[in-house]
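Trainee: One structure coming up, written as structure tokens, with questions to follow.
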Amino acid sequence: EAERSMPAATYIAEGSALVVQAIKLSSECDKDSLQQSFDLYVKGIEVLIKGVRSDPDPKRQANVRAKIEAYLQSAEKVRERAKTALAHPSAPVAGGDQAGPAHSNSGGTSQPAAAAA
């Protein structure tokens, strides 16, 4: 049993904590903070992907996959903002994108319907 993956609550909490840190940093306008934000998004997404693969609950898997999609979009926006900050260091970089932590939220969201495998 030692080879089993981490419990659902653990991978979701760990991945969400990293994404929450990424969201906080994404509100900054400097290149270093934006790069750190992107790196945290990547780490959080990696944790969620690894965990969701072995999660036995199909509904939770679907919820986590939807969040991963949203986080990927947010990470891409942060990466683009970091590139802009690098190209134009004196110009402020607009807007922080916030997808929110990976909590079950099956209400109406603005996430794309064509999510997930």
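The values are calculated or read from the model by the stated rules, or taken from the named source; none is laboratory data. What you see is a predicted model, and the numbers here were worked out from it, not measured in a lab. Positions of Cβ are generated from backbone atoms using ideal geometry, with glycine treated the same way; all protein chains shown enter the neighbour counts. Accessible surface is based on the protein model in full, side chains and every heavy atom, while ligands, DNA and RNA are left aside. Shrake-Rupley method; radii C 1.70, N 1.55, O 1.52, S 1.80 Å.
Trainee: What do you reckon, is residue 67 modelled with pLDDT of 95 or more and either open to solvent by 70 Å² or more (accessible area, probe 1.4 Å) or hydroxyl-bearing (Ser, Thr, Tyr) (or both)?
Mentor: So residue 67 fails the test.
Trainee: Output the residues belonging to the stretch 46-59 that are open to solvent by 50 Å² or more (accessible area, probe 1.4 Å) and either under 14 Å from residue 15 (Cα atoms) or not in a helix (DSSP H, G or I) (or both).
Mentor: Within the stretch 46-59, 46, 49, 50, 53, 54, 56, 57 qualify.
Trainee: Within the stretch 29-37, does at least one residue satisfy the condition of being among the polar types (S, T, N, Q) and over 15 Å from residue 82 (Cβ atoms)?
Mentor: No, that holds for no residue.
Trainee: Return only the number of the condition from (1) open to solvent by less than 30 Å² (accessible area, probe 1.4 Å); (2) under 15 Å from the mean Cα position of the chain (by Cα); (3) modelled with pLDDT under 95 that residue 101 does not satisfy.
Mentor: Just one mismatch for residue 101, condition (1).
So that you can scan it fast, the table gives a plain yes or no per residue for (1) of a type in the set (Ser, Thr, Tyr); (2) in contact with a Phe, Trp or Tyr (Cβ under 8 Å, 6 or more places away or on another chain); (3) free of Cβ contacts under 8 Å to residues at least 24 places away in the same chain; (4) not in a helix (DSSP H, G or I):
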residue	(1), (2), (3), (4)
16	yes, no, no, no
23	no, no, no, no
33	yes, no, yes, no
38	no, no, no, no
43	no, no, no, no
61	no, no, yes, no
66	no, no, no, no
75	no, yes, no, no
80	no, no, yes, no
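Trainee: Tally up the residues in the stretch 24-45 that are open to solvent by less than 70 Å² (accessible area, probe 1.4 Å) and not hydroxyl-bearing (Ser, Thr, Tyr), please.
Mentor: 10
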